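One structure is given here, and the rest of the page talks about it.
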Amino acid sequence: MSEAMSAVAVPAPPGIAEYAAVVGESEIGALRVFARQLQGRRVQMVNSTAVGGGVAEILNRLVPLLGDLGMATRWEVLKGGEQFFAVTKGFHNALHGAPYQGNADWFDIFVATNEENRRHLTFDDEFVVIHDPQPVALVNARDGARGKWVWRCHIDLSHPAQEVWEFLHPFVERYDAAVFSSPAFSQRLGIPQYLVYPTIDPLSDKNRELEPEFVHAVLERFGIDPQRPILTQVSRFDRLKDPLGVIQAYKMVRKHIDCQLVLAGGGASDDPEGETVLNEVNSAAQGDPDIHILNLPPWSHLEINALQRASTVVIQKSLREGFGLTVAEALWKRKPVVASAVGGIPTQVIHKLTGMLVHSIEGTAYQIRFLLSNPSIARKLGENGREHVKENLLITHNLKRYLMLLLALQGRK
Amino acid sequence: MKSGREPFRFVTASYLIRICGHRAVNLREFAAALRVCPDASIFHHTFQSLERHHYASFSNDFAQWVLASCNEPALAERLAAIDIRDCTSIAVLRNSLEGAVQAYLERHPVSPDHAVSQPFYFCESLEFTEQRNEEARTLAELAEGIGRISLQTLHHHFINSRLRLHLETNDFSHWIRNSLEQPELAGKLDRIDIYMNTLDGLRQEILRTLESWVRR
């Protein structure tokens, strides 16, 4: 293995055939038909973390499933020091619209780390998919490489800080295509831009059906009362997820309805701010035994699943969001969702049809009160949400879109 | 049971969405973009989006955006009500859409620059097809095949086919009319309202219609 990059060993997930029970034989048959045209092609995926966050979760499932369909797929993770990840976190926030607070050194650190990783890597696969801005400069390796290169951007680029985007833009233009999670994130680029929604895996520990006894045991373990309404937000402890705003909304709801709040999440290895934010959240929750702050390790998929299933209302009050797959996870579990109208969330939550979209802390509190007071409407939203995810946001859809993308790059379109 | 002169050949279809680059932040820009966006984009937003709109008020992207983001319900209703069966080409459909927007803007001079909550992003679908080793020679075999195909393949044969067949019909009706020589049944399938059904609902309605003829 190289010194800079680390290859990720992905445990064997369910095979592609097992998804027929969820999406039907015809959908799996269609996947196999298109995959036949790509038999033997090799795909290389590169991102910046193996655990934590939606991208790592998607790759954990997508990589073996592409292999199952006949495309050998390897996944490698960019290595960088504390300084590099502080820089990329700063870029991340700035690309999401926050003011850029870096300096010229940041650009040098970014390029140097990409260059260090590039030196230890080979890029001889037919398709190279680079995820997000952190490894974007690896495209400098393509001079000698024969493959097609895709930049898969998972973050909300609708209002990027210009200084950072202007730095990244020339790298992006060297790719064969860019892929975004929403048309709103697309940019003025000279390369083709495609729309691919991130998706959830219905057979993963995070989303599969659970026995009610297990769900109750998880609530008991965390001291959560199953008899009273449970409001839950699942997300990393990150300011862009606005956990403090969620606590404020909960306090507004509590004036009217007795309920509990669960903030469940963890950190990602490429996010140096997590601990600071967690401390802020703990301070804001102090003195209220009905606020449960659960800092869970990255392998807590079954616990997260149980907490979502036990929830009365699921919240995703992000200030900025790439796509926000925790919303799809909750919808899949037929939960009424109150979520901010940012990033890819409006793709998942169609207001008043598959959930409630909000724009403020007050709006969040109001819609939670509405759903807690109108359980039949909440139930209907949850049912619609489940169907919406089934038709658009499962991993089999993602696989199919990847196959079409690779075919397009191969010259079919 | 009568066999067709030629077999019906099923394909497997799938789609990839390309973001075109045109966007509109108010109705004036929307009208301008409607004039210049690719034909594939007009088709995508009026037909391709069907599968995503089970819960929305209107079944085409243009009408839905005008309602949800521009808050102009009267124009949204006009756009949703354009009868695609009156349109024999994308050019005619484009003119109808553009005409509805222009007429509305002339009557409502305040609306064109009214800020919208979300811009409209023009996209188009790239269609990929693969021939299947599956043919139907009779109505019963056609129904059996329709019951097995994926929803995107159904979309290809029943909805996207309108573009290939100049918006007048669909693959199933085309085969029934020309190869099975049963124009009445072909017409019945043509009249199924694609805007008022989910794709799965469409499949059920097609099968109900075919099966009533198979039993004759």
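None of the figures in this text is laboratory data; all of them are computed from the coordinates on show. Note that the structure is a prediction, hence the values are computed from the model and not measured. Here the Cβ positions follow ideal geometry from the backbone for every residue, glycine too, while neighbour counts run over all protein chains shown.
So here's what we get for this one:
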read-out	value
Estimated FRET transfer efficiency when R0 is 45 angstrom, pair residue A:188-residue B:2 (beta carbons, to 0.05)	0.20
Chain lengthening between residue A:370 and residue A:86 when straightened (0.36 nm per residue, less Cα-Cα)	98.2 nm
Percent of alpha-carbon pairs separated by more than 34 Å within chain A	29 percent
Distance cut-off 20 Å, percentage of C-alpha pairs in the range B:15-123 lying past it	32 percent
Nitroxide proxy distance, nm - points 7 Å out along Cα→Cβ at residue A:279 and residue A:37	5.5 nm
Charge dipole (chain A, unit charges on Cβ, about Cα centre) - positive-most of A:72, A:377, A:153	A:377
Using θ = phi - 60° and Karplus 6.51 cos²θ - 1.76 cosθ + 1.60, couplings along the range A:210-224 (whole Hz; Gly, Pro as x)	10, 6, x, 4, 5, 4, 5, 5, 5, 4, 4, 4, 9, x, 9
Cubic angstrom per residue, convex hull over Cα atoms of the range A:90-168	86 Å³
Extension gain, residue B:23 back to residue B:164 (0.36 nm per residue minus Cα-Cα distance, nm)	48.1 nm
Förster radius 56 Å - calculated FRET efficiency between residue B:215 and residue A:163 (Cβ-Cβ, nearest 0.05)	0.20
Exposure proxy order (Cβ contacts within 10 Å, fewest to most) of B:65, A:299	A:299, B:65
Full-stretch length increase - residue B:148, residue B:95 - with 0.36 nm per residue and alpha-carbon distance subtracted	15.4 nm
Those trypsin sites (Lys or Arg not before Pro) in the range A:234-309 that DSSP places in a loop and that have at most 12 other beta carbons within 10 Å	A:255
Between 0 and 90°, nearest 10: helix A:104-119 axis offset from chain A longest Cα axis	60 degrees
Between the range A:337-354 and the range B:71-91, the alpha-carbon center distance in angstrom	26 Å
Label-point separation in nm, residue A:222 to residue A:380, each point 7 Å along Cα→Cβ	3.0 nm
Within chain A, helix-based [θ] at 222 nm, where runs of 4 or more DSSP H residues each add -39,500 (n - 2.57), nearest 500	-13000 deg cm²/dmol
Compactness of the range A:322-395 as Cα Rg over 2.2 N^0.38 Å, two decimals	1.00
Kirkwood-type radius of the range A:231-360, with distances r between different C-alpha atoms, in Å	14.7 Å
Convex hull volume per residue in cubic angstrom - Cα atoms of the range A:367-413	87 Å³
Selection from A:224, A:178, A:277 lying farthest towards where the dipole of chain A points positive, charges on Cβ	A:178
Efficiency of FRET from Cβ geometry, residue B:181 and residue A:143, R₀ 51 Å, rounded to 0.05	0.25
Distance violations [Cα-Cα > 23 Å] among A:335/A:390; A:89/A:400; A:317/A:352	A:89/A:400
Least to most buried among B:124, A:163 (fewest other Cβ within 10 Å first)	A:163, B:124
Distant-in-sequence amide H partners of residue B:11 (H built 1.01 Å from N, under 5 Å)	B:132
Pairs of alpha carbons in chain B whose separation is greater than 33 Å (percent)	22 percent
Residue order, fewest to most beta carbons within 10 Å, for B:190, B:113, A:156	B:113, B:190, A:156
Residue-wise HN-Hα coupling along the range B:203-216, computed from phi with Karplus coefficients 6.51, -1.76, 1.60 (Hz; x: Gly, Pro)	4, 5, 5, 4, 5, 4, 5, 5, 5, 5, 7, 4, 6, 5
Fraction of antiparallel bridges per DSSP, the protein assembly as shown only, in percent to nearest 5	30 percent
Residues listed by number, the range A:206-238, amide nitrogen under 15 Å from residue A:390 label point at 7 Å toward C-beta	A:209
Label point distance in nm, residue A:21-residue A:296, each placed 7 Å from Cα along Cα→Cβ	2.2 nm
